[in-house]
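Presented below is the structure to which this report refers.
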Amino acid sequence: MCFAQFHLKRMLAFSTISHMELLFVGFGLFTPAGMAGLLVYLAGSAWLDEAARSSGYGWITVVTSLAAIATAGAVLRVAGRIFLGLGPG
């Protein structure tokens, strides 16, 4: 779904939701297969960051971390505006 989006905020939202969905499904099943899938997903993410660092592309880890922080900030800002009435409006 996020590939079909033209707006950056919507694309980041779909991407974030899909990643969290994988984590919640793996943890929510609470079966050995679900936990194994969750660990494989997390290990793959960590392996990608380590491979980037060891190949001289350590900046990729910084960029992905900043993107995750920006996405979390956008989600919190929207949630505060919608559910708590915070912000201009």
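The values are calculated or read from the model by the stated rules, or taken from the named source; none is laboratory data. Quick caveat, the model's predicted, so the values are computed rather than measured. As a convention, Cβ positions derive from the backbone with ideal geometry for all residues, glycine included, and neighbour counts pool all protein chains shown.
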Please indicate, with yes or no, whether at least one residue in the stretch 16-38 is out of contact with any Cys (no Cβ under 7 Å at 6 or more places or on another chain) and under 24 Å from Leu86 (Cα atoms). yes
Pairs, first within 17 Å of Leu76 (Cα to Cα) in the stretch 8-37, second surrounded by fewer than 13 Cβ atoms within 10 Å (Cβ to Cβ), C-beta under 6 Å, six or more apart: Phe14/Met1
Hey, could you check the stretch 58-71 for residues that are without any contact (Cβ under 8 Å) to a residue 12 or more places away in the chain and not small (Gly, Ala, Ser) and say which is surrounded by the most Cβ atoms within 10 Å (Cβ to Cβ)? Ile60
Would you confirm whether or not the stretch 7-28 contains a residue that is surrounded by 14 or more Cβ atoms within 10 Å (Cβ to Cβ) and outside any helix (DSSP H, G or I)? no
Is there a residue being modelled with pLDDT under 85, of a type outside the set (Phe, Trp, Tyr), touching a helix residue (DSSP H, G or I) at 6+ places or on another chain (Cβ under 7 Å) and under 21 Å from Phe14 (Cβ atoms) anywhere in the stretch 47-69? no
Cross-chain or 6+ apart pairs with Cβ under 8 Å, the stretch 72-85 first and within 21 Å of Met11 (Cβ to Cβ), then charged (D, E, K, R) and outside any loop (DSSP other than H, G, I, E, B): Ala74/Lys9
Name every residue in the stretch 40-89 that is under 15 Å from the mean Cα position of the chain (by Cα) and aromatic (Phe, Trp, Tyr), in order of residue number. Tyr41
